[in-house]
Amino acid sequence: MDLTIDIKDKRLNIRTTGIIIHNNKVLVHKDLNEGHICLPGGRVILGENSECSIKREMEEEIGKEIEIEKYLTTIENFFDMDGQKCHEIMFVYKIEFKNEEDKKIEHTLKNIEGKDYLCYEWIDISRIEKYNIQPKCLKELLKENKFPRHKINKDI
């Protein structure tokens with residue numbers, strides 16, 4: 001069971017994400033039906049810690065094993081989605097692929113769960129301003145590369 005709680009018109013969501021950087025490019029999750037990108041990852045399952053969650057999510061979504069290099073930050077993210085006010089607590093880790101060959105990947109990756117509308121692309125950190133990455137505070141964190149920090153992002 002995902003750690004997502006709906007109360008009336010509000011939602012609390014616990015999410016875990018990972019930052020993989022190759023040649024000054026960061027891997028992002030892109031939903032072709034949405035107008036923004038975000039870090040790859042997903043919801044934490046009840047009874048599962050956030051480190052295990054990011055490992056599970058990466059294997060489920062792109063079929064790759066990862067290693068956690070270090071904890072980076074926690075972001076409290078407040079936003080509206082489809083008329084619902086969302087409060088998301090997001091754990092962010094610096095991660096890397098386990099397999100040496102996977103560490104050379106710089107091409108777009110497909111979702112292996114059958115979700116054809118999802119893909120994973122590499123974007124240039126030096127051009128991060130041109131992308132609609134969510135939450136917005138990630139732009140600052142990726143450019144500055146100063147961790148750990150507790151960020152609060154309010155888009156409502």
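Every number in this text was worked out from the coordinates using simple rules, so none of it is lab data. Just so we're clear, the structure is a prediction, and the values are computed from it rather than from any experiment. A quick note on method: Cβ atoms are made from the backbone with ideal geometry, for glycine too, and the neighbour counts reach across all protein chains shown.
For the chain, the longest principal axis of the Cα atoms and the long axis of helix 50-62 meet at an angle of about 60 degrees.
GNM, the chain, Cα, under 10 Å: largest mean-square fluctuation among Met90, Met81, Met58? Top of the fluctuation ranking is Met81. Dipole check for the chain: with +1 at the C-beta of Lys and Arg, -1 at the C-beta of Asp and Glu, and the Cα centre as origin, the magnitude is about 600 Debye. Below 13 angstrom from the Cβ of Asn99, what's the summed charge of the other residues (Lys, Arg +1; Asp, Glu -1)? Its environment carries a net charge of -3. Anisotropy class assigned to the chain is rounded, per the alpha carbon gyration tensor with a/c under the 1.5 cut-off. Ranking Asn33, Ile133, Cys52 by Cα position along the charge dipole of the chain, where only Lys, Arg, Asp and Glu carry charges on their C-beta atoms, puts Ile133 farthest toward the positive end.
Here the Gaussian network model covers the chain, with springs between Cα atoms less than 10 Å apart; of Ile20, Ile68, Ile112, Ile112 fluctuates the most. Just to be sure I understand: with springs between alpha-carbon atoms less than 10 Å apart, which residue in Asn77, Asn33, Asn132 has the highest mean-square fluctuation in the Gaussian network model of the chain? Answer for the Gaussian network model of the chain: Asn33.
Length available on full extension from Lys154 to Lys25: 0.36 nm per residue minus the Cα-Cα distance, which gives 43.8 nm.
The alpha carbon gyration tensor of region 107-150 gives principal lengths a ≥ b ≥ c with a/c of 1.5 or higher and a/b greater than b/c, which makes the shape prolate. Rounded to the nearest whole Hz, the Karplus-based 3J(HN,Hα) values (6.51 cos²θ - 1.76 cosθ + 1.60, θ = phi - 60°) of region 87-98 follow the sequence 10, 10, 10, 10, 8, 10, 10, 7, 10, 8, 5, 6, with x at glycine and proline. Sticking with the crude label model, points 7 Å out along Cα→Cβ, report the distance from Glu59 to Asp80 in nm, one decimal please. Label at Glu59, label at Asp80, 4.0 nm between them. Using the Karplus relation 6.51 cos²θ - 1.76 cosθ + 1.60 with θ = phi - 60°, the per-residue 3J(HN,Hα) values for region 30-35 come to 10, 9, 5, 8, 10, x Hz, with x marking Gly and Pro.
Applying 0.36 nm per residue to the separation of Asp6 and Glu67 and subtracting their alpha-carbon distance, the gain on full extension is 18.8 nm.
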